[in-house]
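Undergrad: Following this message is one structure expressed as structure tokens.
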Amino acid sequence: MQHSLPLMSTLLGGILFAHPAAGQVSTSPGQGRTATVYTTAQNTAHRLAATGTLTFAPFGQPFENQACVFVDPAHTFQTFAGIGGALTDAAAETFAKLPAAKQTELLQAYFDREKGIGYTLGRTNINSCDFSSDMYTYVKEDDRELKTFNVAHDEKFKIPFIKKAMAAAGGRLDLFVSPWSPPAWMKDNNNMLQGGKLKPEFYDAWANYYVRFIREYEKRGVPVWGLSVQNEPMAKQTWESCLYTAQEETGFIRDHLGPVLKKNNLGDKKLIAWDHNRDLLYQRASTLLSDPAAAQYIWGIGFHWYEIWNGGRQYENVKRVAEAFPGKNLLLTEACNYPFSWQTFDEWHWGEQYGENMIHDFNNGAVAWTDWNILLDETGGPNHVSNFCFAPVHAKTQEGTLHYMNSYYYIGHFSKFIRPGAKRIVSSSNRAQLLTTAFVNPDGKIAVVVMNPTAETIAYRLYNGDQAVETVSLPHSIATLVF
């Protein structure tokens, strides 16, 4: 591993987190500001490694052929809420099969800011989802009064796992909860799978179901930060799913879920609507948020990245919602790469998908970003409908080993250096080959992410006013510059 400066490093399960050695920061007379560069790059050993400390110096107008990134902290935008992943049944069950030392490694890798990438956000499922080993609910059939409500199923794996994650995150993890389907008997197809709709006569019972779930988790020491109304409400899936039109979701929030949360003193929970792809994001958000009686309950609009199935990423739709409804929050609530295969595990484009999506989503107004499963096994599961996918970390449970995809490091370039409460600032590139976003953290430190998805080595200047540093973006790399 080549570095411009001697490094001290922390080795965590084969992951090298490197830091500049004490006394190695170089400064010029009259110039005190420095930037530390952290890099992940293909065909190198760099994985979130500190690859240099640069000193700002005065620079004039760049030449036309000079690649540049321009940062302007004078203009701030949305407040950053966090980055994290989903703590599903599959993740919890896989975690339970690991040796104790590997469990500690995984928790540190995700939730410890110094030894890992500092996740602050989490998501988990209400009732079963595809990434559960079995189908389950928390009540017996036809119990519309929820007298039999019981989360004992989750006490075996999921709740202990979430509590350990919260402890590893320093005692707090902003957790939001999402249903994939109500119980079958509440639906018009009498099936948790294959779509179907919630019967109107069960709207209030289902609204109370969220309340019971939140209260039962909080009784067990798992605070709930927020909830989404329905995972992917326009997708009839072979796994747990339930369909709502925009008008139906608006009515359910306005007349049932919102009032029930408020009545039960849970109105402070962050209610997230839509929770599906970017392609219909504006249509859904405009329907929901143009109804003041529904909009009063909605904290934000969640979205996924799977619209690529319909022809490509539609990042501009995030911007359209941010422009039209500036008082509401936007956040990506789920993303993953698929289908799972060990043969393609090390392909570099998996991480680049994360980097590209995160940069565009933040630049278009997103306040948070939540990956899908944080851990899966050697099959890409467990998954009770064979919908096997990638996670940033996989366990080979028979061997008791952990395997990190490059997506883990790409996410880390954001989550490790951009902290809750940060404000997005202007970061403008004059080269299409360099993607960038930037935030100023609550402590005043600026984190600038620069991604190069090309096979070129690109020398560029990072400008902050009339001061700049000169550096190089390696082929197929992502870097975070902190100053």
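Undergrad: Quick one: which residue in I298, I359 is modelled with pLDDT of 95 or more and assigned to a loop (DSSP other than H, G, I, E, B)?
TA: Selected residue: I298, the only one of I298, I359 that is modelled with pLDDT of 95 or more and assigned to a loop (DSSP other than H, G, I, E, B).
Undergrad: Also: Which one is farthest from the chain's Cα centre (by Cα) among residues in the range 130-162 that are crowded, with 16+ Cβ neighbours inside 10 Å and among the charged types (D, E, K, R)?
TA: Going through the qualifying residues, I end up with R144.
Undergrad: Restricting to the range 433-472, and then to whatever is within 25 Å of the chain's Cα centre (by Cα) and of a type in the set (G, A, S), can you tell me which residue is surrounded by the most Cβ atoms within 10 Å (Cβ to Cβ)?
TA: So the residue we want is A438.
Undergrad: For the range 38-65, name all the residues that are out of contact with any Phe, Trp or Tyr (no Cβ under 6 Å at 6 or more places or on another chain) and assigned to a loop (DSSP other than H, G, I, E, B).
TA: Those that are out of contact with any Phe, Trp or Tyr (no Cβ under 6 Å at 6 or more places or on another chain) and assigned to a loop (DSSP other than H, G, I, E, B): N43, T44, A45, H46, F56, F59, G60, Q61, P62, F63, E64, N65.
Undergrad: Pick from V449, V440: which is in contact with a His (Cβ under 6 Å, 6 or more places away or on another chain) and modelled with pLDDT of 95 or more?
TA: Answer to the check: V449.
Undergrad: Has the range 179-186 got any residue that is assigned by TED's automatic domain parsing to the domain that holds E93, closer than 24 Å to L376 by Cα, within 22 Å of the chain's Cα centre (by Cα) and surrounded by fewer than 20 Cβ atoms within 10 Å (Cβ to Cβ)?
TA: no
Undergrad: When you look at E232, is it assigned by TED's automatic domain parsing to the domain that holds R144, buried (at least 19 other Cβ atoms within 10 Å of the Cβ) and at positive phi, yes or no?
TA: yes
Undergrad: Please verify whether F390 is aromatic (F, W, Y), surrounded by fewer than 24 Cβ atoms within 10 Å (Cβ to Cβ) and either in a helix (DSSP H, G or I) or assigned by TED's automatic domain parsing to the domain that holds D346 (or both), treating the condition exactly as stated.
TA: When the stated conditions are applied, F390 passes them.
Undergrad: Between T88, T79, which is at pLDDT 95 or above, touching a Cys at 6+ places or on another chain (Cβ under 8 Å) and closer than 22 Å to P223 by Cβ?
TA: T88
Undergrad: Within the range 106-119, is even one residue modelled with pLDDT of 95 or more and outside the structural domain of A322 (by TED's automatic domain parsing)?
TA: No, the range 106-119 has no match at all.
The values are calculated or read from the model by the stated rules, or taken from the named source; none is laboratory data. What you see is a predicted model; the values in this text were computed from it and never measured. As a convention, Cβ positions derive from the backbone with ideal geometry for all residues, glycine included, and neighbour counts pool all protein chains shown.
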